[in-house]
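In what follows, a structure is listed as structure tokens, so that the remarks can point back to it.
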Amino acid sequence: MATESKTKYDRQLRIWGEQGQAALEKASICLLNCGPTGSEALKNLVLGGVGSITVIDGSKVEIHDLGNNFMLDEASLGQSKAKCVCAFLQELNDAVKAKFVEESSEALIEGNPSFFSSFTLVIATQLSETSLLKLDKICRQYNVIMLGARSYGLTGLVRICLKEHDVVESKPEHFVDDLRLHNPWPDLKEFAKSMDLNVIDPVVHKHIPYIVILIHIAEKWADGHDGCLPTTRQEKKEFKDLIKSYMLNMDEENYKEAIESSYKVSLPRGISSQLNQIINDNAAEVNSASTDFWILVAALKEFIEKEGDGEPPLEGSIPDMTSLTEYYISLQRIYQAKSEADCLAMELRVRAILKRIGRDPDSISKAFVKNFCKNARKLTVCRYKPLEDELSSPAISELQKYMTDEDYCFSVSFYILLRAVDRFTANYNRFPGLFDNEIEEDISRLKSIAVGVLSDSGLHGSTLSEDLINEMCRFGGAEIHPVAAFIGGVASQEAIKLITKQFVPLNGTLVFNGIDQKSQVLFV
């Protein structure tokens, strides 16, 4: 990566690293409709340094656009909205290639579907249900990520549409260090045995690393408990008391660290249920058409069965701890050596699998294998059902649960009402509540349509709040800037996750309820 980019994007590089930034700089983004929601989403991505953007919008700037889109001013009136927004975005970051197409998004979806094939990701904002359904099919056909975002009055939603998204660097907030205290390998055991917990020197005693303390005491515990480690609450308490009994003074930080980390000794051997599900997925039966991710999963499955003895490759890093420098460095080397050996074994398996399926054995880089090994315990696979399935065959049991849940009933009601608004618009060629003199009539019409949506969704006999129906009509299709900024912000955040393949993206439909300031994910 160029030095200029490193300096320019210094802060974000600390979050998603050089690989993530490189992926962003290669990404080609298409935005459909550059109202406030779309403009806010694209602004964040342009500032983040995406490679190129294409803005699609066939409308001209009108007076009401000036009130909710800070990218437009009075000089923009009557001009192409796509052109004006594109020019503003280009000013934010001249390293991003920006272009616009002055054409209706719906017309492009209908008349030129292959147009979307060259993009990394399409952000579809303010599209009707019918157009979204068509676009989802197009993007799935061309393996392009689609991200739907919509703001409507005080509500809005964001959803991701693609076949599958595989994440190596899921970066969970809370994850236990991979120290293998429950299953130490020979070199680690040998190093631990070389140190005496009963050493007389108080300076040495208070600087023995807690990893060594726990391995020693776990072995002593196992000797007195038929080879078993503590499992019950009472046993874990007794194990902590055993650690305390080795303390010479109550101020020994290393022993306090050992007590705090004592639960790591009781971790189950083997792999998590989530990782087990991934390695036994049908996609792990690889062939020449398999992605690099699934080839590595196939190699991981073999490694766990053979070299790993039921465990994934060791990550190889250890946390900071109270220790003499020489002890800490020795521990680091032991963990790194084991990690490198595991990574080499994985690499050999990857090469063998590539050869077996008729691909170049060097087509997957060592760096990718190394990164995969480091994150093997945290792999995540997200699969998204087609939008058509969500709308025509929703998860009725989930919807029923949401409708009767006090916390979720507003969000699911907004979800149903947004669908009803689309049907209303298709019938009357305008948003409900657009004209003041027809609001009362529109409320009645929208209520009737919403009942139909409930019925089609399998929610027979369910009702929606009269107040919410009134509010939806009062919104009149408005894109309120604070709501648009929030929805656009969520959309851009998810886009970055999808492009960088880091962190776990949204899986479900996020609905924002601006009345209660809540955002909730519905699995429908």
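List, please: which pairs have Cβ atoms under 9 Å, are six or more places apart or on different chains, and start with a residue in the stretch 334-349 that is of a type in the set (Lys, Arg) and end with one that is part of a helix (DSSP H, G or I)?
Lys338/Asp187; Lys338/Leu188; Arg349/Ala298; Arg349/Ala299; Arg349/Leu300; Arg349/Glu302; Arg349/Phe303
So in the stretch 245-259, with the set limited to residues that are in a helix (DSSP H, G or I) and in contact (Cβ under 8 Å) with a residue 12 or more places away in the chain, which one is most open to solvent (accessible area, probe 1.4 Å)?
Quick first cut of the stretch 245-259, residues in a helix (DSSP H, G or I) only: 253-259.
Retained after the next criterion (residues that are in contact (Cβ under 8 Å) with a residue 12 or more places away in the chain): 253-255, 257-259.
Numbers: Glu253: 92, Asn254: 0, Tyr255: 0, Glu257: 42, Ala258: 0, Ile259: 32 Å².
Within the stretch 245-259, the match that is most open to solvent (accessible area, probe 1.4 Å) is Glu253.
In the stretch 59-69, which residue that is modelled with pLDDT under 95 and outside any loop (DSSP other than H, G, I, E, B) is surrounded by the most Cβ atoms within 10 Å (Cβ to Cβ)?
The selected residue is Asp65.
Among the numbered criteria (1) without any contact (Cβ under 8 Å) to a residue 60 or more places away in the chain; (2) touching a Ser or Thr at 6+ places or on another chain (Cβ under 6 Å); (3) closer than 14 Å to Leu32 by Cβ; (4) open to solvent by less than 30 Å² (accessible area, probe 1.4 Å), which single criterion is violated by Glu106?
Here Glu106 clears every test but (4).
Run Ile295 past the list (1) within 33 Å of the chain's Cα centre (by Cα); (2) surrounded by 15 or more Cβ atoms within 10 Å (Cβ to Cβ); (3) without any contact (Cβ under 8 Å) to a residue 40 or more places away in the chain and report the number of the one that doesn't hold.
(3)
Taking the stretch 19-30 on its own, how many of its residues are of a type in the set (A, V, I, L, M, F, W, C), within 22 Å of Phe503 (Cβ to Cβ) and part of a strand (DSSP E or B)? So that I can check it myself, show each step before the final result.
Keep residues of the stretch 19-30 that are of a type in the set (A, V, I, L, M, F, W, C), which gives 22-24, 27, 29-30.
Restricting the remaining residues to those that are within 22 Å of Phe503 (Cβ to Cβ) gives 22-24, 27, 29.
Subset that is part of a strand (DSSP E or B): 29.
Counting residues in the stretch 19-30 that are of a type in the set (A, V, I, L, M, F, W, C), within 22 Å of Phe503 (Cβ to Cβ) and part of a strand (DSSP E or B) gives 1.
So, Ser339, is that one at pLDDT 95 or above, among the small types (Gly, Ala, Ser) and either in a helix (DSSP H, G or I) or buried (at least 17 other Cβ atoms within 10 Å of the Cβ) (or both) or not? Full working, then the answer.
Numbers: at pLDDT 95 or above: yes; among the small types (Gly, Ala, Ser): yes; either in a helix (DSSP H, G or I) or buried (at least 17 other Cβ atoms within 10 Å of the Cβ) (or both): yes.
Against the criterion (at pLDDT 95 or above, among the small types (Gly, Ala, Ser) and either in a helix (DSSP H, G or I) or buried (at least 17 other Cβ atoms within 10 Å of the Cβ) (or both)), Ser339 qualifies.
Given the conditions (1) out of contact with any Asp or Glu (no Cβ under 9 Å at 6 or more places or on another chain); (2) within 30 Å of Ile109 (Cα to Cα), which single one is not true for His182?
(2)
So that you can scan it fast, the table gives a plain yes or no per residue for (1) free of Cβ contacts under 8 Å to residues at least 24 places away in the same chain; (2) open to solvent by 10 Å² or more (accessible area, probe 1.4 Å):
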residue: Arg423; (1), (2): no, yes
residue: Glu438; (1), (2): yes, yes
residue: Leu464; (1), (2): no, yes
residue: Gln502; (1), (2): no, no
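For the stretch 375-383, state whether one or more residues are free of Cβ contacts under 8 Å to residues at least 40 places away in the same chain and open to solvent by 30 Å² or more (accessible area, probe 1.4 Å). Give the derivation first.
Keep residues of the stretch 375-383 that are free of Cβ contacts under 8 Å to residues at least 40 places away in the same chain, which gives none.
No, the stretch 375-383 contains no residue that is free of Cβ contacts under 8 Å to residues at least 40 places away in the same chain and open to solvent by 30 Å² or more (accessible area, probe 1.4 Å).
If you scan the stretch 70-101, which residues turn out to be in a loop (DSSP other than H, G, I, E, B) and either over 28 Å from the mean Cα position of the chain (by Cα) or under 21 Å from Met146 (Cα atoms) (or both)? Give the steps one after another, and end with the answer.
Within the stretch 70-101, the first condition is being in a loop (DSSP other than H, G, I, E, B), and the residues that meet it are 70-73, 77-79, 93-96.
Correct list: Phe70, Met71, Leu72, Asp73, Leu77, Gly78, Gln79, Asp94, Val96.
Can you name the residue in the stretch 385-423 that is under 18 Å from Met146 (Cβ atoms) and assigned to a loop (DSSP other than H, G, I, E, B) and, of all such residues, is nearest to the chain's Cα centre (by Cα)?
Out of the qualifying residues, it is Lys385.
List the strands (runs of 3 or more DSSP E) inside the stretch 102-215, counting only whole elements, that have at least 3 residues being under 19 Å from Asp389 (Cα atoms), in contact with a strand residue (DSSP E or B) (Cβ under 7 Å, 6 or more places away or on another chain) and at pLDDT 95 or above. Break it down stepwise before answering.
Values: elements: 121-125, 145-152, 155-161, 164-167.
Those strands (runs of 3 or more DSSP E) span 145-152, 155-161.
Can you tell me which of (1) more than 30 Å from the chain's Cα centre (by Cα); (2) open to solvent by 70 Å² or more (accessible area, probe 1.4 Å) is the one Ala450 doesn't meet?
Of the numbered conditions (1) more than 30 Å from the chain's Cα centre (by Cα); (2) open to solvent by 70 Å² or more (accessible area, probe 1.4 Å), the odd one out for Ala450 is (2).
Just to be sure before I move on: is Ile208 in contact (Cβ under 8 Å) with a residue 40 or more places away in the chain and open to solvent by less than 20 Å² (accessible area, probe 1.4 Å) in the structure I sent?
Yes.
Quick one: would you say Cys409 is over 30 Å from Tyr335 (Cα atoms), at pLDDT 90 or above and either in contact with a Phe, Trp or Tyr (Cβ under 8 Å, 6 or more places away or on another chain) or aliphatic (A, V, I, L, M) (or both)?
Numbers: over 30 Å from Tyr335 (Cα atoms): yes; at pLDDT 90 or above: yes; either in contact with a Phe, Trp or Tyr (Cβ under 8 Å, 6 or more places away or on another chain) or aliphatic (A, V, I, L, M) (or both): yes.
Taking the combined requirement at face value, the residue satisfies it.
Of all residues being exposed (fewer than 14 other Cβ atoms within 10 Å of the Cβ) and of a type in the set (S, T, N, Q) in the stretch 394-421, which is nearest to Asp516 (Cα to Cα)? Just the residue, please.
Kept after step one, since they are exposed (fewer than 14 other Cβ atoms within 10 Å of the Cβ), are these residues of the stretch 394-421: 396-397, 401, 404-407.
Applying the additional criterion that residues be of a type in the set (S, T, N, Q) yields 397, 404.
Details: Ser397: 25, Thr404: 17 Å.
It comes out as Thr404.
The values are calculated or read from the model by the stated rules, or taken from the named source; none is laboratory data. Note that this is a predicted model, so its numbers are computed, not measured. In this analysis, Cβ positions are derived from the backbone assuming ideal geometry, glycine residues included, and neighbour counts consider all displayed protein chains. Protein only, heavy atoms only, side chains kept; ligands, DNA and RNA dropped before computing areas. Shrake-Rupley method; radii C 1.70, N 1.55, O 1.52, S 1.80 Å.
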